[in-house]
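Student: Before I ask anything, here is the structure I am working with.
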Amino acid sequence: MAEMLVPKNQSLRIIRYEYRLIFEKKGRARYISHLDLMRAFQRVFKRADIPLWYTQGFNPHAYLMFPLALSLGIDSSVELLDIALVEKLGFEELRDRINAQMPEGLRILSAGEPVMKHTEIAAAEYVMRIKTKLTGEETVKAFKRFLGQEKIEIEKRTKRRGVNLVDIKPHITLISCEPESDEAVIAVRLPAGNEFNLNTNVVTQAFENYLGFEIDSIYTTRTKILTKSGEKFI
Amino acid sequence: MKEIKEKIEQLLLKTQKPARYIGGELGSVVKDKDKVDVRFAFCFPDVYDVGMSHLGMKILYGLKNAVPNYWCERVFMPEKDFEAHMRKNNIPLYALESLDPIRDFDFIGFTLQYELSFTNVLEMLDLAGLPVYAKDRKALTPIVVGGGPCVCNPEPMADFFDLFILGEGEEVNLELMRLYEKMKPSCPTKEQFLREAARIEGIYVPQFYDVAYNEDGTVSSITPNVPEAKPKITKRVIPDFDHAYYPDSFVVPFTEIVHDRVVVEVLRGCIRGCRFCQAGFIYRPFREKNIDTIERETKSLCEQTGYEQVSLSSLSTSDHTKITELLTRLSDYTDKEKINLSLPSLRIDTMSKEIVDRIAAVRKSGLTFAPEAGTQRLRDVINKNITEEEIIRTCRLAFSEGYQNVKLYFMLGLPEETDEDIKGIAELAQRVVDLYYEIPKEQRGKSVQVSVSASTFVPKPFTPFEFEPQSTPEEIKHKQGHLLDNISSKKIKVSYHQQNVSVLEGVLARGDRRLSKAIYCAWKKGCTLDSWDEYFRFDLWQEAFRECNTDTAFYANRRRSYEEIMPWSHLDYMISRRFLVNENKKAHEAKTTRNCAEGCSGCGIKKECGGVYCG
């Protein structure tokens with residue numbers, strides 16, 4: 001039987017054209033998990049008949065790469081998706097063909113050539129709209145006091161050492177913090193990427209613990225993905 | 001209702017797989033409420049992952065939404081975590097497309113696919129903010145309707161439903177909605193509407209029938225109590241199956257569901273007549289789709305959904321009269337498009353090797369056979385015409401192609417079963433293992449695994465075994481032990497179902513109206529999601545049966561006479577009582593009955609129903 005085991009993808013094409021797509025994920029699409037997003041895009045490309053480049057092997061699959069995962073429940077208009085095609089397509093044509101097949105809440109904003117490497121991603125910025133039983137102004141004040149603490153320790157579980165405390169304060173950069181009617185609108189920059197990643201829900205959870213009561217609602221939007229030097233990742 | 005949406009959004013972040021509760025999938029149909037006259041909430045009484053895989057829902061969803069002024073939406077049973085959030089935050093059960101509460105809909109329809117989903121129906125009605133008993137829902141709407149295979153004996157659920165739809169739903173659903181649309185402007189009472197509905201062929205309104213009982217507990221009579229109710233309600237059949245409605249689009253979920261692929265129905269009904277199989281009788285007659293139609297539907301659904309897998313659906317796909325041509329054509333298309341073609345319920349022995357190779361090329365995962373019984377004698381009793389020779393021949397072919405896993409499905413507790421038959425299961429499994437070692441080393445795979453699955457036989461209505469007693473849990477325990485005692489190879493793995501599940505299934509399957517009380521009581525005690533091992537609480541069910549004075553043995557473990565009036569005797573699934581009795585007698589004599597393709601055996605289905613082999 002050994003000689004029967006031949007990779008299916010015999011007509012493999014070596015030449016591939018790489019594209020970086022920037023897309024938005026919002027509304028109902030906010031609740032699509034990272035894994036599900038991968039599947040959703042594969043189906044979108046299939047429907048749009050995009051000539052994707054397939055990997056070699058016994059189980060060939062289309063090459064799709066999300067350089068920076070987005071936590072479930074967060075809106076964004078700066079999400080990245082890298083793909084490779086076997087044919088060259090115009091940026092606008094690619095964008096429009098994909099968008100014609102997208103489900104509600106997902107939309108390609110632009111398509112282009114990848115310029116930077118994934119490893120250059122170092123930070124991301126977020127806007128959080130937080131509503132508590134306090135007024136917007138009071139929530140803003142509470143958040144500032146929360147950030148003014150000497151340390152903001154959270155419990156982190158690791159496989160080897162069990163639970164230990166980590167101070168996240170040095171990693172949170174506050175950009176702005178203003179009340180807007182009954183909400184506090186807070187913009188922060190947090191480390192992102194392969195080396196060290198801090199999710200907004202870790203911050204909001206720590207804030208909730210600090211408050212000592214449940215937060216009513218949080219809407220978070222990712223607004224920027226940045227390199228180490230603070231440039232926009234492209 | 002903006003408020004519901006906002007509430008849900010915050011809760012979803014604390015919920016497992018939240019995409020199941022917010023809708024917005026590709027292919028979901030959103031209409032303008034103000035331009036819609038009839039709203040239908042199609043409820044699948046199990047979680048999203050299961051319900052979204054159900055083909056019937058896809059068909060009826062597309063069918064109803066194809067009418068511009070009708071809007072059909074999907075509703076599923078929430079998992080326990082989200083359900084707790086809903087209750088705590090006063091979120092009523094809502095439909096996924098509009099996020100509107102379903103209590104405001106015109107129709108709420110449940111599909112009853114298995115008995116163990118019954119308590120979920122009560123839970124969903126309650127979550128919707130509605131009384132679970134039909135008699136307590138006094139307003140015209142929502143009209144709570146039920147369909148699906150369990151409706152062939154809906155009696156245990158009769159008190160909770162306004163009406164049931166018998167048989168195939170493609171025509172009768174629209175007839176019912178049209179009647180409602182016509183009557184709605186005159187503001188009829190619920191009774192006025194139900195009386196008119198009862199005139200429609202295939203519609204059964206349980207409150208219009210009085211059931212009387214004998215002293216021994218059996219049914220003595222089932223009598224209509226309004227002139228509109230027919231003494232017998234006949235199931236609906238689509239005679240021209242090739243031209244029956246089939247959706248050209250599916251809702252494509254974000255989260256992975258059980259059957260996450262394009263499904264194309266290739267035939268309906270079954271020619272085989274296995275005596276234990278309810279589907280084999282209630283879906284008769286055997287009708288098939290033209291292969292051009294199948295090919296067209298496959299292509300259009302693959303294009304619309306973007307799925308990379310397509311599966312052909314039927315009770316026995318290889319019984320299609322043009323199966324080879326069909327598979328050749330379909331695999332030409334799927335190969336080109338890098339789509340995986342999968343064929344459940346396929347009898348490989350009837351097919352050419354070339355076709356098997358083309359289809360099996362992708363993954364050599366395993367082969368599955370359902371001999372159902374361990375000896376030829378017992379297979380004759382149940383009229384399962386698969387021979388040991390066929391199994392061995394196919395396994396030999398498969399092993400020499402590198403297959404390593406074989407699954408064998410059996411049932412324990414079949415009529416006429418002896419310890420010898422159970423020993424036969426072990427022997428058959430051993431023969432398959434031995435066969436593997438007979439194949440030269442360089443041809444066969446690295447190792448072999450034979451999985452034996454032994455489930456418990458549950459007698460079902462409208463089968464020749466509807467008269468049979470179900471084995472008691474003690475008998476089954478003995479049989480399972482006997483099976484294990486006879487297995488000696490480590491290459492054979494045995495698994496069986498949770499015994500108490502089969503007990504409950506057996507009681508509910510052939511129960512009568514008096515069981516409604518016990519179902520209500522079990523649900524009140526907290527029984528929901530009974531088909532999930534982790535949630536199944538047999539202790540609570542037993543308490544409920546005790547409190548309601550229900551003798552479970554009366555329903556499950558008693559032999560019923562050929563003359564007995566069954567709780568479902570007023571429902572006509574076109575299979576004659578005479579035929580079932582005759583088949584039962586033949587079973588006890590271990591005599592087989594030919595399949596429909598070999599010649600008609602006179603089951604009672606009329607020629608007009610469009611059966612390929614009828615008449």
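The values are calculated or read from the model by the stated rules, or taken from the named source; none is laboratory data. The model shown is predicted, which means the values in this text are computed figures rather than measured ones. Neighbour counts run over all protein chains shown; Cβ positions are idealised from the backbone, glycine included.
Student: Is at least one residue of the range A:178-187 loosely packed, with under 13 Cβ neighbours inside 10 Å and assigned to a strand (DSSP E or B)?
Tutor: First, the residues of the range A:178-187 that are loosely packed, with under 13 Cβ neighbours inside 10 Å: A:178, A:180-181.
From what's left, assigned to a strand (DSSP E or B): A:178, A:180.
Yes.
Student: Are any residues in the range B:299-334 β-branched (Val, Ile, Thr) and within 14 Å of chain A (Cβ to nearest Cβ), and if so, which ones? I'd like the intermediate steps shown before the answer.
Tutor: So in the range B:299-334, the residues β-branched (Val, Ile, Thr) come out as B:305, B:310, B:317, B:321, B:323-324, B:328, B:334.
Across the range B:299-334, the qualifying residues are B:305, B:310, B:334.
One line per residue, one yes/no per condition, for (1) crowded, with 16+ Cβ neighbours inside 10 Å; (2) in a strand (DSSP E or B); (3) among the basic types (Lys, Arg); (4) modelled with pLDDT of 90 or more:
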| position | (1), (2), (3), (4) |
| --- | --- |
| A:68 | yes, no, no, yes |
| A:92 | no, no, no, yes |
| A:101 | yes, no, no, yes |
| A:107 | yes, yes, yes, yes |
| A:124 | yes, yes, no, yes |
| A:130 | yes, yes, no, yes |
| A:133 | no, no, yes, yes |
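Student: So for the range B:217-239 (the condition being modelled with pLDDT of 95 or more, closer than 24 Å to residue B:53 by Cβ and in a helix (DSSP H, G or I)), does at least one residue qualify?
Tutor: No: the range B:217-239 contains no residue that is modelled with pLDDT of 95 or more, closer than 24 Å to residue B:53 by Cβ and in a helix (DSSP H, G or I).
Student: Test residue B:276 against the stated conditions and say whether it is away from chain A (no Cβ under 14 Å) and among the aromatic types (Phe, Trp, Tyr).
Tutor: yes
Student: Going by the structure shown, is residue B:507 part of a loop (DSSP other than H, G, I, E, B), of a type in the set (A, V, I, L, M, F, W, C) and touching a Ser or Thr at 6+ places or on another chain (Cβ under 8 Å)?
Tutor: No; evaluated as a whole, the condition is false for this residue.
Student: Here's another thing I want to ask about it. Show me the helices (runs of 4 or more DSSP H) found entirely inside the range B:516-596 where at least 1 residues are without any contact (Cβ under 8 Å) to a residue 24 or more places away in the chain.
Tutor: B:538-547, B:577-588
Student: Another question, if that's okay. Within the range A:188-213, can you find the residues that are touching a residue at least 12 places away in the same chain (Cβ under 8 Å) and part of a loop (DSSP other than H, G, I, E, B)?
Tutor: A:192, A:193, A:194, A:195, A:196, A:198, A:199, A:213
Student: Please indicate, with yes or no, whether at least one residue in the range B:240-252 is within 30 Å of residue B:411 (Cα to Cα) and assigned to a loop (DSSP other than H, G, I, E, B).
Tutor: The answer is no, given that none of the residues of the range B:240-252 is within 30 Å of residue B:411 (Cα to Cα) and assigned to a loop (DSSP other than H, G, I, E, B).
Student: Within the range B:423-443, track down each residue that is under 11 Å from residue B:395 (Cβ atoms) and within 14 Å of chain A (Cβ to nearest Cβ).
Tutor: Once the filter is applied, which keeps residues that are under 11 Å from residue B:395 (Cβ atoms) and within 14 Å of chain A (Cβ to nearest Cβ), the range B:423-443 yields B:436, B:439.
Student: Which one of the conditions (1) under 14 Å from residue A:124 (Cβ atoms); (2) modelled with pLDDT under 95 does residue A:181 fail to meet, given that it meets all the rest?
Tutor: Among (1) under 14 Å from residue A:124 (Cβ atoms); (2) modelled with pLDDT under 95, residue A:181 violates only (1).
Student: Being touching a residue at least 24 places away in the same chain (Cβ under 8 Å), within 30 Å of residue B:112 (Cβ to Cβ), buried (at least 23 other Cβ atoms within 10 Å of the Cβ) and in contact with a helix residue (DSSP H, G or I) (Cβ under 8 Å, 6 or more places away or on another chain) narrows it down to one of B:473, B:459, B:469, so name that one.
Tutor: Going through B:473, B:459, B:469 in turn, just one is touching a residue at least 24 places away in the same chain (Cβ under 8 Å), within 30 Å of residue B:112 (Cβ to Cβ), buried (at least 23 other Cβ atoms within 10 Å of the Cβ) and in contact with a helix residue (DSSP H, G or I) (Cβ under 8 Å, 6 or more places away or on another chain): B:459.
Student: Shifting gears a bit: Please go through the range A:85-112 and pick out each residue that is among the hydrophobic types (A, V, I, L, M, F, W, C) and under 30 Å from residue B:17 (Cβ atoms).
Tutor: A:98, A:100, A:102, A:106, A:108, A:109 - these are the residues of the range A:85-112 that are among the hydrophobic types (A, V, I, L, M, F, W, C) and under 30 Å from residue B:17 (Cβ atoms).
Student: Oh, and also: Can you tell me which residues in the range B:470-487 are farther than 24 Å from residue B:510 by Cα and not charged (D, E, K, R)?
Tutor: B:478, B:480, B:481, B:482, B:483, B:484, B:486, B:487
Student: What are the residues in the range B:81-98 that are out of contact with any strand residue (DSSP E or B) (no Cβ under 9 Å at 6 or more places or on another chain) and not aliphatic (A, V, I, L, M), if any?
Tutor: Hits for the range B:81-98 are B:81, B:82, B:83, B:85, B:87, B:88, B:89, B:90.
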